[in-house]
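Here is the structure we will look at.
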Amino acid sequence: MNSLFFKSALTAVIFSASGFASTLYRGATVLTLADGDNAGHANGYLLVSDDGTIEAVGQGDPLSDPAVRAVHFTADWKTVDLTGKIVMPGFVSGHGHLWQSAFRGIAPDGELWPWLMALHWTYGKFFAPGDFAAFTRHGALDQLRHGITTTHNHSQWLPGQDYGLYHEQFDAESKIPQHFVFSWVSQSTATDEEWRARLKPMLALLKPAPATPLLGFTVSANGMPGRKGQAPDLLSREIKLAREFNLPVHLHYLEPAAQAEEDRAKWPKIKEAGAAAPGVSYAHFIQVDETILKEAAAAGAAMIWNPLSNGRLASGLADIPHYLAVGLKVGMGEDGQASGDISDPFENVRLGLYALRMKERNARGLQPIDILRLHTVRTAEILGVSSCVGTLAPGKFADFLVVDPDSPATGPVFDAAATLVFACSSQNLAAVYVGGRKVVKDGQLVEDDVALEADVATRVARVRQAAADMKAHPPVTHP
Ligand SMILES: [Zn+2]
(Lines give C-alpha, C1' and ligand atoms only; values in the text may rest on other atoms or scores of the structure.)
Protein backbone atom coordinates (compact mmCIF):
# COMPACT_ATOMS: atom_id res chain seq x y z
CA MET A 1 0.00 0.00 0.00
CA ASN A 2 1.44 3.34 -0.95
CA SER A 3 -0.95 6.05 0.01
CA LEU A 4 -0.19 9.43 1.49
CA PHE A 5 -2.48 11.50 3.60
CA PHE A 6 -1.79 15.03 4.63
CA LYS A 7 -3.17 17.56 6.97
CA SER A 8 -4.21 20.71 5.20
CA ALA A 9 -1.44 22.84 3.79
CA LEU A 10 -2.74 25.73 5.87
CA THR A 11 -2.25 23.85 9.15
CA ALA A 12 1.26 22.83 8.14
CA VAL A 13 2.12 26.43 7.30
CA ILE A 14 0.93 27.57 10.71
CA PHE A 15 3.19 24.99 12.39
CA SER A 16 6.18 26.03 10.29
CA ALA A 17 5.54 29.70 10.86
CA SER A 18 5.36 29.09 14.63
CA GLY A 19 8.75 27.45 14.51
CA PHE A 20 7.56 23.94 15.34
CA ALA A 21 9.88 21.23 14.12
CA SER A 22 8.55 17.88 12.99
CA THR A 23 10.04 14.45 13.51
CA LEU A 24 10.17 11.87 10.77
CA TYR A 25 10.13 8.26 11.94
CA ARG A 26 11.22 6.21 8.96
CA GLY A 27 12.21 2.76 7.78
CA ALA A 28 9.73 0.75 9.90
CA THR A 29 6.80 -1.36 8.82
CA VAL A 30 3.98 1.01 9.71
CA LEU A 31 0.65 -0.66 10.54
CA THR A 32 -1.87 2.16 10.61
CA LEU A 33 -4.74 -0.24 11.52
CA ALA A 34 -7.03 1.94 9.40
CA ASP A 35 -9.78 -0.13 7.79
CA GLY A 36 -8.55 -1.50 4.49
CA ASP A 37 -4.88 -1.22 5.43
CA ASN A 38 -4.10 -4.83 6.30
CA ALA A 39 -0.49 -5.08 5.16
CA GLY A 40 0.74 -1.76 6.45
CA HIS A 41 3.48 0.29 4.82
CA ALA A 42 6.74 -1.61 4.30
CA ASN A 43 9.59 0.87 4.65
CA GLY A 44 6.98 3.25 5.94
CA TYR A 45 7.17 6.56 7.70
CA LEU A 46 5.30 8.61 10.24
CA LEU A 47 5.70 12.35 10.30
CA VAL A 48 4.89 13.84 13.70
CA SER A 49 4.51 17.51 14.49
CA ASP A 50 6.01 18.84 17.69
CA ASP A 51 2.49 19.58 18.90
CA GLY A 52 2.11 15.80 19.16
CA THR A 53 -0.20 15.17 16.22
CA ILE A 54 0.44 13.05 13.14
CA GLU A 55 1.11 15.10 10.02
CA ALA A 56 1.51 12.34 7.45
CA VAL A 57 1.91 8.59 7.17
CA GLY A 58 3.08 6.70 4.12
CA GLN A 59 5.71 4.60 2.43
CA GLY A 60 9.24 5.20 1.21
CA ASP A 61 11.09 8.49 1.35
CA PRO A 62 8.66 11.35 1.92
CA LEU A 63 11.22 13.83 0.63
CA SER A 64 11.20 12.22 -2.79
CA ASP A 65 7.69 13.57 -3.16
CA PRO A 66 7.78 17.28 -4.08
CA ALA A 67 4.33 17.80 -2.52
CA VAL A 68 5.56 16.59 0.88
CA ARG A 69 8.68 18.66 0.61
CA ALA A 70 6.71 21.78 -0.20
CA VAL A 71 4.08 21.34 2.51
CA HIS A 72 5.89 19.74 5.42
CA PHE A 73 9.65 20.07 5.15
CA THR A 74 11.50 22.51 7.39
CA ALA A 75 15.26 22.78 7.94
CA ASP A 76 14.99 21.57 11.54
CA TRP A 77 13.12 18.40 10.65
CA LYS A 78 14.48 15.59 12.86
CA THR A 79 14.80 12.04 11.54
CA VAL A 80 14.64 8.83 13.57
CA ASP A 81 15.64 5.62 11.81
CA LEU A 82 13.40 2.69 12.76
CA THR A 83 14.59 0.14 10.20
CA GLY A 84 13.61 -3.39 11.24
CA LYS A 85 10.95 -2.17 13.66
CA ILE A 86 7.15 -2.35 13.49
CA VAL A 87 5.16 0.78 14.30
CA MET A 88 1.51 0.46 15.35
CA PRO A 89 -1.00 2.60 17.25
CA GLY A 90 -0.86 2.39 21.04
CA PHE A 91 -3.32 -0.10 22.52
CA VAL A 92 -6.61 1.18 23.92
CA SER A 93 -7.96 -0.65 26.97
CA GLY A 94 -11.74 -0.38 27.10
CA HIS A 95 -12.31 -1.68 30.62
CA GLY A 96 -10.30 -1.75 33.83
CA HIS A 97 -9.92 -0.62 37.41
CA LEU A 98 -6.42 0.77 37.73
CA TRP A 99 -6.25 0.78 41.52
CA GLN A 100 -6.47 -3.02 41.57
CA SER A 101 -2.87 -3.12 40.35
CA ALA A 102 -1.72 -3.34 43.97
CA PHE A 103 -3.70 -6.55 44.61
CA ARG A 104 -2.50 -9.15 42.10
CA GLY A 105 -2.59 -12.84 42.73
CA ILE A 106 -5.45 -12.45 45.16
CA ALA A 107 -8.05 -15.23 45.60
CA PRO A 108 -6.43 -17.59 43.09
CA ASP A 109 -9.22 -20.16 43.48
CA GLY A 110 -12.07 -17.68 43.27
CA GLU A 111 -14.51 -16.87 40.52
CA LEU A 112 -15.99 -13.37 40.45
CA TRP A 113 -17.89 -13.27 43.74
CA PRO A 114 -15.35 -14.90 46.08
CA TRP A 115 -12.68 -12.80 44.37
CA LEU A 116 -14.69 -9.61 44.91
CA MET A 117 -15.17 -10.64 48.52
CA ALA A 118 -11.41 -11.07 48.96
CA LEU A 119 -10.67 -7.72 47.32
CA HIS A 120 -13.24 -4.94 47.67
CA TRP A 121 -15.02 -6.21 50.74
CA THR A 122 -11.91 -7.25 52.61
CA TYR A 123 -9.61 -4.32 51.95
CA GLY A 124 -11.72 -1.49 50.53
CA LYS A 125 -12.91 -0.10 53.84
CA PHE A 126 -9.36 0.31 55.14
CA PHE A 127 -8.11 2.63 52.40
CA ALA A 128 -6.61 5.86 53.79
CA PRO A 129 -5.88 9.15 52.02
CA GLY A 130 -3.25 8.63 49.33
CA ASP A 131 -3.91 4.92 48.85
CA PHE A 132 -6.20 5.20 45.84
CA ALA A 133 -3.81 7.72 44.28
CA ALA A 134 -0.77 5.48 44.72
CA PHE A 135 -2.58 2.32 43.58
CA THR A 136 -4.09 4.05 40.52
CA ARG A 137 -0.69 5.46 39.58
CA HIS A 138 0.78 1.97 39.93
CA GLY A 139 -1.82 0.56 37.56
CA ALA A 140 -1.57 3.32 34.96
CA LEU A 141 2.23 3.30 34.78
CA ASP A 142 2.17 -0.48 34.48
CA GLN A 143 -0.25 -0.26 31.55
CA LEU A 144 1.87 2.40 29.89
CA ARG A 145 4.98 0.21 30.19
CA HIS A 146 3.06 -2.52 28.40
CA GLY A 147 1.96 -0.33 25.49
CA ILE A 148 -1.51 0.84 26.57
CA THR A 149 -1.55 4.50 25.62
CA THR A 150 -5.27 5.07 26.27
CA THR A 151 -7.12 3.50 29.16
CA HIS A 152 -10.73 3.52 30.23
CA ASN A 153 -10.62 3.56 34.01
CA HIS A 154 -13.84 2.24 35.46
CA SER A 155 -13.32 4.06 38.73
CA GLN A 156 -14.81 2.58 41.88
CA TRP A 157 -16.34 3.95 45.02
CA LEU A 158 -15.64 1.37 47.71
CA PRO A 159 -17.82 0.79 50.77
CA GLY A 160 -17.54 3.47 53.43
CA GLN A 161 -15.32 5.83 51.44
CA ASP A 162 -15.92 9.55 51.06
CA TYR A 163 -15.85 11.57 47.83
CA GLY A 164 -12.32 12.83 48.45
CA LEU A 165 -10.89 9.31 48.52
CA TYR A 166 -12.89 8.33 45.46
CA HIS A 167 -11.70 11.38 43.54
CA GLU A 168 -8.03 10.46 44.05
CA GLN A 169 -8.43 8.05 41.12
CA PHE A 170 -9.14 10.94 38.77
CA ASP A 171 -6.43 13.20 40.19
CA ALA A 172 -3.81 10.44 39.97
CA GLU A 173 -4.51 9.74 36.32
CA SER A 174 -4.42 13.43 35.45
CA LYS A 175 -0.72 13.43 36.40
CA ILE A 176 0.33 10.46 34.24
CA PRO A 177 1.37 10.73 30.58
CA GLN A 178 -1.25 8.18 29.49
CA HIS A 179 -4.49 9.19 27.82
CA PHE A 180 -7.48 8.21 29.91
CA VAL A 181 -11.23 8.11 29.69
CA PHE A 182 -12.65 8.40 33.17
CA SER A 183 -15.68 6.27 33.94
CA TRP A 184 -17.41 8.36 36.56
CA VAL A 185 -19.37 6.70 39.37
CA SER A 186 -22.62 8.36 40.35
CA GLN A 187 -22.80 7.01 43.95
CA SER A 188 -26.21 5.58 44.57
CA THR A 189 -27.28 7.58 47.65
CA ALA A 190 -26.71 11.02 46.06
CA THR A 191 -29.47 13.05 44.40
CA ASP A 192 -29.52 14.05 40.73
CA GLU A 193 -28.53 17.58 41.74
CA GLU A 194 -25.55 16.31 43.73
CA TRP A 195 -24.51 14.25 40.72
CA ARG A 196 -24.60 17.30 38.46
CA ALA A 197 -22.69 19.40 40.99
CA ARG A 198 -19.90 16.81 41.07
CA LEU A 199 -19.80 16.03 37.37
CA LYS A 200 -19.96 19.53 35.86
CA PRO A 201 -16.59 20.82 37.18
CA MET A 202 -14.93 17.63 35.97
CA LEU A 203 -16.43 17.94 32.49
CA ALA A 204 -15.17 21.53 32.33
CA LEU A 205 -11.63 20.13 32.49
CA LEU A 206 -12.11 18.15 29.29
CA LYS A 207 -10.00 19.67 26.52
CA PRO A 208 -8.54 16.77 24.54
CA ALA A 209 -5.00 17.45 23.33
CA PRO A 210 -1.98 15.26 22.51
CA ALA A 211 -0.13 16.21 25.69
CA THR A 212 -3.17 16.22 27.99
CA PRO A 213 -3.96 12.95 29.80
CA LEU A 214 -7.74 13.44 30.09
CA LEU A 215 -9.41 12.33 26.88
CA GLY A 216 -13.03 11.76 27.83
CA PHE A 217 -15.67 10.59 30.29
CA THR A 218 -18.22 7.84 30.51
CA VAL A 219 -20.86 7.31 33.16
CA SER A 220 -20.19 4.13 35.10
CA ALA A 221 -23.68 2.77 35.63
CA ASN A 222 -23.91 0.72 38.80
CA GLY A 223 -27.67 0.40 38.91
CA MET A 224 -28.61 -3.19 38.26
CA PRO A 225 -32.29 -4.12 38.32
CA GLY A 226 -33.13 -6.18 41.38
CA ARG A 227 -29.82 -5.62 43.18
CA LYS A 228 -30.26 -5.75 46.94
CA GLY A 229 -30.15 -2.40 48.76
CA GLN A 230 -30.39 -0.36 45.55
CA ALA A 231 -33.11 2.03 44.47
CA PRO A 232 -34.97 0.38 41.57
CA ASP A 233 -34.67 3.50 39.38
CA LEU A 234 -30.89 3.93 39.81
CA LEU A 235 -29.99 2.65 36.34
CA SER A 236 -32.57 4.80 34.53
CA ARG A 237 -31.36 7.88 36.48
CA GLU A 238 -27.76 7.13 35.50
CA ILE A 239 -28.75 6.72 31.85
CA LYS A 240 -30.69 10.00 31.98
CA LEU A 241 -27.69 11.83 33.41
CA ALA A 242 -25.42 10.42 30.69
CA ARG A 243 -27.87 11.56 28.00
CA GLU A 244 -28.08 15.02 29.55
CA PHE A 245 -24.30 15.45 29.22
CA ASN A 246 -23.98 13.43 26.02
CA LEU A 247 -21.68 10.86 27.61
CA PRO A 248 -21.26 7.16 26.82
CA VAL A 249 -22.35 4.67 29.47
CA HIS A 250 -20.38 1.68 30.71
CA LEU A 251 -21.58 -1.14 32.95
CA HIS A 252 -20.67 -4.65 34.03
CA TYR A 253 -23.13 -7.14 32.63
CA LEU A 254 -23.29 -10.92 32.14
CA GLU A 255 -19.88 -11.69 33.60
CA PRO A 256 -19.97 -14.63 36.08
CA ALA A 257 -21.22 -17.98 34.86
CA ALA A 258 -22.76 -18.80 38.25
CA GLN A 259 -25.21 -15.94 37.89
CA ALA A 260 -25.95 -16.28 34.20
CA GLU A 261 -29.64 -17.06 34.42
CA GLU A 262 -30.35 -14.42 37.04
CA ASP A 263 -28.48 -11.78 35.02
CA ARG A 264 -30.20 -12.68 31.78
CA ALA A 265 -33.57 -12.26 33.50
CA LYS A 266 -32.67 -8.60 34.08
CA TRP A 267 -32.49 -7.82 30.36
CA PRO A 268 -36.09 -6.52 29.96
CA LYS A 269 -35.52 -4.10 32.86
CA ILE A 270 -32.16 -3.04 31.42
CA LYS A 271 -33.85 -2.24 28.12
CA GLU A 272 -36.63 -0.41 29.93
CA ALA A 273 -34.05 1.76 31.73
CA GLY A 274 -32.59 2.81 28.36
CA ALA A 275 -29.39 0.78 28.74
CA ALA A 276 -29.71 -0.99 25.38
CA ALA A 277 -28.81 1.89 23.11
CA PRO A 278 -26.00 3.48 21.11
CA GLY A 279 -23.29 4.78 23.41
CA VAL A 280 -23.80 2.00 25.97
CA SER A 281 -21.12 -0.65 26.41
CA TYR A 282 -21.18 -3.74 28.60
CA ALA A 283 -18.02 -5.02 30.24
CA HIS A 284 -17.69 -8.81 29.68
CA PHE A 285 -21.16 -9.66 28.23
CA ILE A 286 -20.29 -13.36 28.15
CA GLN A 287 -23.42 -15.17 29.33
CA VAL A 288 -25.75 -13.92 26.58
CA ASP A 289 -28.54 -15.79 24.92
CA GLU A 290 -29.39 -15.23 21.27
CA THR A 291 -32.22 -12.79 22.02
CA ILE A 292 -30.09 -10.55 24.23
CA LEU A 293 -27.21 -10.62 21.76
CA LYS A 294 -29.34 -9.72 18.76
CA GLU A 295 -31.33 -7.06 20.58
CA ALA A 296 -28.13 -5.46 21.93
CA ALA A 297 -26.59 -5.45 18.45
CA ALA A 298 -29.75 -4.04 16.85
CA ALA A 299 -29.91 -1.32 19.52
CA GLY A 300 -26.37 -0.20 18.64
CA ALA A 301 -24.87 -1.18 22.01
CA ALA A 302 -21.33 -2.51 22.41
CA MET A 303 -19.30 -4.87 24.56
CA ILE A 304 -15.76 -4.86 25.90
CA TRP A 305 -14.05 -8.25 25.84
CA ASN A 306 -11.44 -8.95 28.53
CA PRO A 307 -9.91 -12.37 27.77
CA LEU A 308 -7.21 -12.30 30.49
CA SER A 309 -9.69 -11.45 33.23
CA ASN A 310 -12.36 -13.80 31.90
CA GLY A 311 -9.82 -16.64 31.98
CA ARG A 312 -8.44 -15.79 35.43
CA LEU A 313 -11.92 -15.63 36.99
CA ALA A 314 -13.22 -18.63 35.03
CA SER A 315 -16.03 -16.46 33.67
CA GLY A 316 -16.04 -18.05 30.23
CA LEU A 317 -15.29 -17.27 26.61
CA ALA A 318 -17.49 -14.80 24.74
CA ASP A 319 -18.25 -16.03 21.22
CA ILE A 320 -16.65 -12.97 19.59
CA PRO A 321 -16.85 -14.11 15.93
CA HIS A 322 -20.58 -14.69 16.39
CA TYR A 323 -21.04 -11.34 18.17
CA LEU A 324 -19.33 -9.60 15.27
CA ALA A 325 -21.39 -11.55 12.76
CA VAL A 326 -24.65 -10.33 14.30
CA GLY A 327 -23.33 -6.76 14.19
CA LEU A 328 -22.44 -6.12 17.85
CA LYS A 329 -19.67 -3.58 18.36
CA VAL A 330 -16.74 -5.23 20.15
CA GLY A 331 -13.77 -3.63 21.89
CA MET A 332 -11.16 -5.06 24.24
CA GLY A 333 -9.80 -4.34 27.68
CA GLU A 334 -7.33 -5.66 30.24
CA ASP A 335 -9.67 -5.26 33.23
CA GLY A 336 -7.99 -4.45 36.57
CA GLN A 337 -4.64 -6.04 37.34
CA ALA A 338 -6.15 -8.03 40.20
CA SER A 339 -8.04 -10.12 37.63
CA GLY A 340 -5.98 -9.72 34.45
CA ASP A 341 -2.89 -9.92 36.59
CA ILE A 342 -0.48 -8.53 34.02
CA SER A 343 -1.67 -5.78 31.74
CA ASP A 344 0.16 -6.94 28.63
CA PRO A 345 -2.14 -6.28 25.67
CA PHE A 346 0.00 -8.53 23.47
CA GLU A 347 -0.87 -11.37 25.81
CA ASN A 348 -4.51 -10.28 25.88
CA VAL A 349 -4.84 -10.50 22.09
CA ARG A 350 -2.87 -13.73 21.85
CA LEU A 351 -4.79 -15.48 24.62
CA GLY A 352 -8.10 -14.22 23.21
CA LEU A 353 -7.38 -15.39 19.68
CA TYR A 354 -5.91 -18.74 20.75
CA ALA A 355 -8.88 -19.44 23.03
CA LEU A 356 -11.33 -18.78 20.17
CA ARG A 357 -9.34 -21.02 17.84
CA MET A 358 -9.16 -23.83 20.38
CA LYS A 359 -12.91 -23.72 20.73
CA GLU A 360 -13.68 -23.37 17.02
CA ARG A 361 -10.92 -25.67 15.70
CA ASN A 362 -10.78 -23.27 12.80
CA ALA A 363 -8.07 -20.72 12.02
CA ARG A 364 -9.93 -18.92 9.26
CA GLY A 365 -12.08 -16.82 11.57
CA LEU A 366 -10.72 -13.82 13.43
CA GLN A 367 -7.24 -12.86 12.15
CA PRO A 368 -4.34 -11.10 13.91
CA ILE A 369 -5.07 -7.82 12.12
CA ASP A 370 -8.72 -8.02 13.24
CA ILE A 371 -7.91 -8.51 16.89
CA LEU A 372 -5.36 -5.68 16.81
CA ARG A 373 -8.16 -3.43 15.53
CA LEU A 374 -10.48 -4.60 18.31
CA HIS A 375 -7.89 -3.56 20.92
CA THR A 376 -7.24 -0.16 19.32
CA VAL A 377 -9.61 1.62 16.96
CA ARG A 378 -12.79 -0.35 17.70
CA THR A 379 -12.36 0.31 21.42
CA ALA A 380 -11.63 3.98 20.75
CA GLU A 381 -14.88 4.19 18.75
CA ILE A 382 -16.88 2.69 21.60
CA LEU A 383 -15.36 5.19 24.05
CA GLY A 384 -16.07 8.09 21.67
CA VAL A 385 -12.40 9.04 21.25
CA SER A 386 -11.56 7.65 17.80
CA SER A 387 -11.12 11.13 16.31
CA CYS A 388 -8.02 11.39 18.56
CA VAL A 389 -6.59 7.86 18.92
CA GLY A 390 -6.90 4.28 17.66
CA THR A 391 -5.27 4.45 14.22
CA LEU A 392 -2.27 6.23 12.75
CA ALA A 393 -3.79 8.95 10.59
CA PRO A 394 -3.10 12.64 9.96
CA GLY A 395 -4.63 14.88 12.58
CA LYS A 396 -4.77 12.17 15.26
CA PHE A 397 -2.54 12.15 18.31
CA ALA A 398 0.86 10.53 17.79
CA ASP A 399 0.23 7.67 20.25
CA PHE A 400 2.26 4.81 18.85
CA LEU A 401 4.39 1.80 19.71
CA VAL A 402 7.78 0.91 18.27
CA VAL A 403 8.05 -2.86 18.41
CA ASP A 404 11.40 -4.55 17.85
CA PRO A 405 10.84 -8.13 16.68
CA ASP A 406 14.61 -8.71 17.03
CA SER A 407 14.74 -8.02 20.74
CA PRO A 408 13.93 -10.58 22.05
CA ALA A 409 14.52 -12.23 18.67
CA THR A 410 11.41 -13.60 16.99
CA GLY A 411 12.97 -14.47 13.61
CA PRO A 412 12.17 -13.04 10.19
CA VAL A 413 8.85 -11.22 9.79
CA PHE A 414 6.44 -12.67 7.20
CA ASP A 415 3.34 -10.76 8.24
CA ALA A 416 3.63 -7.81 10.63
CA ALA A 417 0.24 -8.28 12.31
CA ALA A 418 0.88 -12.02 12.79
CA THR A 419 4.31 -11.37 14.28
CA LEU A 420 2.82 -8.81 16.69
CA VAL A 421 -0.02 -11.05 17.86
CA PHE A 422 1.58 -14.50 17.74
CA ALA A 423 5.25 -13.84 18.45
CA CYS A 424 5.67 -10.57 20.35
CA SER A 425 5.09 -9.51 23.92
CA SER A 426 5.55 -6.20 25.64
CA GLN A 427 9.21 -7.25 26.04
CA ASN A 428 9.57 -6.34 22.37
CA LEU A 429 8.54 -2.74 23.01
CA ALA A 430 11.48 -0.54 22.04
CA ALA A 431 9.48 2.61 22.71
CA VAL A 432 6.02 3.91 23.58
CA TYR A 433 4.97 7.38 22.45
CA VAL A 434 2.02 9.38 23.75
CA GLY A 435 1.20 12.63 21.98
CA GLY A 436 4.52 12.44 20.15
CA ARG A 437 6.44 12.22 23.41
CA LYS A 438 8.54 9.15 24.24
CA VAL A 439 7.29 7.87 27.59
CA VAL A 440 8.81 4.36 27.57
CA LYS A 441 12.22 3.37 26.27
CA ASP A 442 13.39 -0.26 26.21
CA GLY A 443 10.73 -1.29 28.68
CA GLN A 444 11.47 1.46 31.19
CA LEU A 445 9.48 4.59 31.86
CA VAL A 446 11.39 7.63 30.71
CA GLU A 447 10.25 9.44 33.85
CA ASP A 448 10.30 6.57 36.29
CA ASP A 449 8.74 6.82 39.73
CA VAL A 450 11.35 4.93 41.73
CA ALA A 451 9.66 5.51 45.08
CA LEU A 452 6.29 4.15 43.97
CA GLU A 453 6.83 0.40 44.52
CA ALA A 454 7.97 0.88 48.11
CA ASP A 455 5.15 3.33 48.78
CA VAL A 456 2.53 0.90 47.42
CA ALA A 457 4.04 -2.00 49.40
CA THR A 458 3.87 0.00 52.65
CA ARG A 459 0.30 1.04 52.00
CA VAL A 460 -0.85 -2.48 51.10
CA ALA A 461 0.87 -3.88 54.21
CA ARG A 462 -1.05 -1.39 56.36
CA VAL A 463 -4.36 -2.22 54.67
CA ARG A 464 -3.74 -5.99 55.07
CA GLN A 465 -2.86 -5.58 58.73
CA ALA A 466 -6.03 -3.57 59.38
CA ALA A 467 -8.11 -6.26 57.65
CA ALA A 468 -6.38 -9.02 59.65
CA ASP A 469 -6.96 -7.12 62.91
CA MET A 470 -10.62 -6.70 62.05
CA LYS A 471 -10.91 -10.43 61.35
CA ALA A 472 -9.18 -11.33 64.63
CA HIS A 473 -11.22 -8.85 66.66
CA PRO A 474 -14.53 -8.23 64.93
CA PRO A 475 -16.42 -5.24 66.31
CA VAL A 476 -18.89 -6.18 69.02
CA THR A 477 -22.41 -5.49 67.92
CA HIS A 478 -25.14 -5.02 70.48
CA PRO A 479 -28.61 -6.22 69.67
ZN1 LIG B 1 -14.54 -4.75 35.82
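Structural remarks
- Among the residues listed as ALA134, ALA128, ALA190, ALA107, the single one being outside any loop (DSSP other than H, G, I, E, B) and either of a type outside the set (Lys, Arg) or under 23 Å from the mean Cα position of the chain (by Cα) (or both): ALA134
So that you can scan it fast, the table gives a plain yes or no per residue for (1) over 30 Å from SER49 (Cβ atoms); (2) among the small types (Gly, Ala, Ser); (3) assigned by TED's automatic domain parsing to the domain that holds ALA301; (4) surrounded by fewer than 18 Cβ atoms within 10 Å (Cβ to Cβ):
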| site | (1), (2), (3), (4) |
| --- | --- |
| ASN362 | yes, no, yes, yes |
| PRO368 | yes, no, yes, no |
| THR376 | no, no, yes, no |
| CYS388 | no, no, no, no |
| THR391 | no, no, no, no |
| VAL402 | no, no, no, no |
| PRO408 | yes, no, no, yes |
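- Candidate set: region 278-314, residues that are over 20 Å from the mean Cα position of the chain (by Cα) and in a loop (DSSP other than H, G, I, E, B); chosen: the one surrounded by the most Cβ atoms within 10 Å (Cβ to Cβ): VAL288
- Filter result (basic (Lys, Arg) and within 16 Å of the ligand (Cβ to nearest atom)) within region 226-260: ARG227
- Among (1) part of a loop (DSSP other than H, G, I, E, B); (2) touching a strand residue (DSSP E or B) at 6+ places or on another chain (Cβ under 7 Å); (3) within 16 Å of the ligand (Cβ to nearest atom) - the single one ALA275 does not satisfy: (3)
- Apart from one condition, GLN100 fits all of (1) more than 16 Å from the ligand (Cβ to nearest atom); (2) under 26 Å from ILE304 (Cβ atoms); (3) surrounded by 21 or more Cβ atoms within 10 Å (Cβ to Cβ); the exception is (1).
- When residues of region 389-437 are limited to those that are in a loop (DSSP other than H, G, I, E, B) and within 17 Å of ASP344 (Cβ to Cβ), the one nearest to the chain's Cα centre (by Cα): SER425
- The residue of region 315-343 that is farthest from ALA102 (Cα to Cα), among those that are in contact with a Gly (Cβ under 7 Å, 6 or more places away or on another chain) and not in a loop (DSSP other than H, G, I, E, B), is PRO321.
- Yes/no for ALA338 being buried (at least 24 other Cβ atoms within 10 Å of the Cβ), within 12 Å of the ligand (Cβ to nearest atom) and not acidic (Asp, Glu): yes
- Scanning region 46-80 for residues that are at pLDDT 95 or above, of a type outside the set (A, V, I, L, M, F, W, C) and in a strand (DSSP E or B) turns up just one, THR53.
- Of all residues making up region 438-469, the number that are surrounded by 17 or more Cβ atoms within 10 Å (Cβ to Cβ), under 22 Å from the mean Cα position of the chain (by Cα) and either over 30 Å from LEU356 (Cβ atoms) or of a type in the set (Phe, Trp, Tyr) (or both): 2
The values are calculated or read from the model by the stated rules, or taken from the named source; none is laboratory data. Predicted, not measured: the structure shown is a model, and the values here were computed from it. We place every Cβ from the backbone using ideal geometry, glycine too, and count neighbours over all the protein chains shown.
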